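Report on the structure given below.
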Amino acid sequence: MSYLSNYLNNKESKIYSYKNNNITIFDEYAIKRHNKLQSQNERILYFAISLLNYIYFNHPDSLVYQAMLKNPDNDSFGDYQVKLDINSYKYNIGGYSSYQTQYEKKDKETNTVLRFSLTKSNNNYLFGSTNELFSISRSKRVVNKYVLFVLWIVVIGIELLVVFKLYQKKDYK
């Protein structure tokens, strides 16, 4: 995870050069003009989660994938918080069920400080483990190719008969 933190802290990374106003995290005005994101750190956290999900779904044979799923504390796979160091702030992603916003103001001269009270969870992780794994497979083929061949022959035959009957020369006496 330190590799990912270093990549996201480097402002020359390729992810920062991509600009697309249709996607919020790549919109350069999402923080200042549109107020879709609250800070640059929030944007970088979205980058981190997007990269982790990209690696999870597209590169299951990489070392980064194995590092994402393996708990560094007890060498087991599954439920743990992803720890990232972004702009000298330490973030723990996952392991919380809810949060409450708290505003703190010590005196009139200082600004209001925004704090979050987090509620711990035992099952709300970015990459969680499951006790059961199910697989769905079909016992029979859905479409039989031989039936399709016969069906097409019947449809073509019906169309030929209909066209023949519609355009058949009629003799009037």
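Values in this text are rule-based calculations from the coordinates and carry no lab data. Worth saying up front: this structure is predicted, and the values here are computed from it rather than measured. We place every Cβ from the backbone using ideal geometry, glycine too, and count neighbours over all the protein chains shown.
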Of those in the stretch 42-77 that are exposed (fewer than 13 other Cβ atoms within 10 Å of the Cβ) and assigned to a helix (DSSP H, G or I), the residue farthest from the chain's Cα centre (by Cα) is L63
Would you be able to say whether some residue in the stretch 93-100 is loosely packed, with under 12 Cβ neighbours inside 10 Å and touching a residue at least 40 places away in the same chain (Cβ under 8 Å)?
no
Selection from the stretch 15-35 of residues that are touching a Phe, Trp or Tyr at 6+ places or on another chain (Cβ under 9 Å) and either outside any helix (DSSP H, G or I) or not β-branched (V, I, T) (or both)
Y16, Y18, K19, N20, N21, F26
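Just for the stretch 28-41: of the residues that are closer than 17 Å to Y89 by Cβ and of a type outside the set (A, V, I, L, M), which one is surrounded by the most Cβ atoms within 10 Å (Cβ to Cβ)?
Top of the filtered list is N41.
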Single unsatisfied condition, V162 versus (1) more than 30 Å from N10 (Cβ to Cβ); (2) touching a residue at least 40 places away in the same chain (Cβ under 8 Å); (3) surrounded by 10 or more Cβ atoms within 10 Å (Cβ to Cβ); (4) out of contact with any strand residue (DSSP E or B) (no Cβ under 7 Å at 6 or more places or on another chain)
(2)
Please verify whether Y80 is part of a loop (DSSP other than H, G, I, E, B), surrounded by 15 or more Cβ atoms within 10 Å (Cβ to Cβ) and in contact with a strand residue (DSSP E or B) (Cβ under 6 Å, 6 or more places away or on another chain), treating the condition exactly as stated.
yes
